[in-house]
Amino acid sequence: MKFRKRQLILASLVVALSAAVYLNWQFSDSKNLQVTNMLSSGEELGEAKYVNSSNISDKSIPDSTKKYFTEAQMNRQKARDEAQEKLKSLISTPNINLEVKEKLMQDLENISKNIQEESNIENLLKSKDFAECLAIIHNNECNIIVNPGTINENSVMIIKDIVTSQTNIPGSKIKIIEAKFENKN
């Protein structure tokens, strides 16, 4: 009876692993990069190219855009702080199952890692003249929100290069979004 259960479990694991490998293969080759309001770039990462970004300046960014990015960063930080506090309180619960505790500790570590990677990405993007930007990493995907008027072929290459160099996130899981605001005149 035990031998039969083990065979059934082993067969189930092999089927699940096969399905995961197939799905990974199927989805990893189909899309390279999802970009909104952008033309595809046929260039390769690593090609040297001068990027003139003098048209992007902090002075040309409206206050509503600055306010949006400030509020979004504060909301992201507040949500992360709450999640970390919740995880810490669950971890410190007496008589918690060891496996559950390890999973919670891993989740807490992932949140901390995501915060660090987001900060690194945002700082590097700002050094490349993206005056306002926001990086959001969740479930091995990265969304980059940039200020209006900054997306072009060169900026997509810069953003993709920065994200892939700071994380293990593949290009197919990077989404670049240009913030849009209604003109209320």
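The values are calculated or read from the model by the stated rules, or taken from the named source; none is laboratory data. A quick note: this is a predicted structure, and the numbers were derived from the prediction, not measured. Backbone-built Cβ (ideal geometry, glycine too); neighbour counts: all protein chains shown.
Only one of the numbered conditions (1) exposed (fewer than 12 other Cβ atoms within 10 Å of the Cβ); (2) touching a helix residue (DSSP H, G or I) at 6+ places or on another chain (Cβ under 9 Å); (3) farther than 26 Å from Lys66 by Cβ is not met by His138, and that is (3). Selection over segment 109-135 of residues that are farther than 20 Å from Asp81 by Cβ, touching a helix residue (DSSP H, G or I) at 6+ places or on another chain (Cβ under 8 Å) and not aliphatic (A, V, I, L, M) gives a count of 4. Of note, Ser92 satisfies the criterion of being small (Gly, Ala, Ser), farther than 30 Å from Thr150 by Cβ and surrounded by fewer than 17 Cβ atoms within 10 Å (Cβ to Cβ). Hey, does segment 96-117 have a residue that's modelled with pLDDT under 85, over 30 Å from Pro148 (Cα atoms) and out of contact with any Ser or Thr (no Cβ under 8 Å at 6 or more places or on another chain)? Yes, that holds for at least one residue. For Val156, indicate whether it is outside any strand (DSSP E or B), in contact with a Cys (Cβ under 8 Å, 6 or more places away or on another chain) and either aliphatic (A, V, I, L, M) or at pLDDT 85 or above (or both). The answer is no for Val156. Exactly one residue out of Ile177, Ile169, Ile115 is in contact (Cβ under 8 Å) with a residue 12 or more places away in the chain, under 21 Å from Lys66 (Cβ atoms) and β-branched (Val, Ile, Thr), and it is Ile177. If the condition is being at pLDDT 65 or above, surrounded by 10 or more Cβ atoms within 10 Å (Cβ to Cβ) and more than 22 Å from the chain's Cα centre (by Cα), then segment 45-66 contributes Ile61, Pro62, Ser64.
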